[in-house]
Amino acid sequence: MRNRSKHAHRTAGFTLIELLIVSLIMLVIIGIALSIYAKGNKTAADQQQYTRLQQDARAAMYYLARDVRMAGTGLPSNFLANALEGADNENQGGTVQPDRLKILGNIETPFALTITSVGGQGVTINLQDFSLEQFPYPESYYIGKNILVLPSPASTCVGAALRTITSVDPGLLGISERFQCLPNQGINLPGGLQDICDDAEFDGGSIIFADVREFWLDVTGNAPGLTAGLNGYIGGGMGGVLYLTNNGSHLPLAQNIENIQFQYNGNFDGDTALALDGFADWNSAWTPTQVASIRQVRIWVLGRTEDRFVSIPALPSRNTYLYRRPAIANSPAADTDDWHKRFLLDSTSNIRNMSLDVYNRVQR
């Protein structure tokens, strides 16, 4: 019995070979687990930045489509040529040349008043009696607001004065109400609209709150003529930011945007059928009549991830075309892959205020 017990004790446990084999198997299992974890971590990081990209692109499209629909709000029909002004493939020095779009209208706040007279080159605007009582805004609300002063319907002058309200005189019991204003502070109106009318031309005219909005993409983060940190501009080399310049103030709307493009649909050939001729890129040679005929704007927003996708092996020979900038409108595609994921949105906005006169309270 004693000999058998010693023999059983001698044969229990693992040999060195067995331990080496088990250790090797464990190392293989741990290596596989770490590989799966690393792959999952890379995929999660890529998915997180792609989700941010989608949110940025959707936010950009929302603001673009909303404001384009409101272009021309409150403008008389013979000023609709000044509701839109585009720029096709602007060269900012980068590889991408995005479009620009400037719109004019009373977009945010309902407001339209009749004026009796204008004096001092549009600095003093006398209102029709009981004008301010038509709207629920307190006197302080008007201070700093930009207004567009439009000439009388009887006037043949096609010009408008952009002014900034500095003070409000409510008069006495709604009588002799007026605004005191400052001239336009360097804001250029779409379509080359200028203040070319004499004060007398505005007698019996009208005013609206003026929203002059320009959508543009900062490609490089060093836009010409702008200073980083001034008037809302980020700059500092941070490119891929979509801006809304509202009455001269720069508002960053979305980042990780690689390209924006616009096309326009109107009766460009001027036929009597008034049929839309199909979408075309902005043409600086269009006449005011052709611009006023635009009824639809097609919008493309192309987003690009900030970093390369790390879960995809960067093999140039794959040539998958999945990770390169695509062609949009007349903006060409990139020649090579850069392994940044893209997200493209395409929408068409109907400019309802240029299509239905019922939205234009001020008629001429």
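Side notes on the structure shown:
- Cβ-to-Cβ counts within 10 Å put Cys157, Cys197, Cys181 in ascending order as Cys157, Cys197, Cys181, the fewest first.
- Here the chain is scanned for GluC sites (Glu not before Pro) in DSSP loops (not H, G, I, E, B) that have at most 15 other Cβ atoms within 10 Å, and the longest stretch holding none of them is 109-305.
- Cys residues of the chain that find no other Cys beta carbon under 4.7 Å: Cys181.
- Hull-based mean projected area of the stretch 249-311, where the convex hull spans the alpha carbons, in square nanometres: 6.9 nm²
- In degrees, nearest ten, helix 2-11 long axis to first principal axis of the chain (Cα): 40 degrees
- Compactness of the stretch 108-171, expressed as Rg and Dmax over alpha-carbon positions, Å: 12.0, 35
- If you plug the beta carbon distance of Ser77 and Asp346 into 1/(1 + (r/R0)^6) with R0 = 35 Å, you get a FRET efficiency near 0.70.
- A simple spin-label model places pseudo-atoms 7 Å from Cα toward Cβ; at Leu20 and Ala275 they are separated by 8.6 nm.
- Computed [θ] at 222 nm, deg cm²/dmol, the chain (DSSP H ≥ 4; -39,500 (n - 2.57); rounded to nearest 500): -7000 deg cm²/dmol
- Globularity index of the stretch 96-207, i.e. its alpha-carbon radius of gyration over 2.2 N^0.38 Å: 1.12
- The charge dipole of the chain, taken about its Cα centre with unit charges on the Cβ atoms of Lys, Arg (+1), Asp and Glu (-1) only, comes to about 2960 debye.
- Scaling against 2.2 N^0.38 Å puts the C-alpha radius of gyration of the chain at 1.52.
Every number here is computed from the coordinates shown, using simple stated rules; none is lab data. Source: prediction; values computed, not measured. All Cβ positions, even for glycine, are placed from backbone atoms using ideal geometry, and neighbour counts span all protein chains on display.
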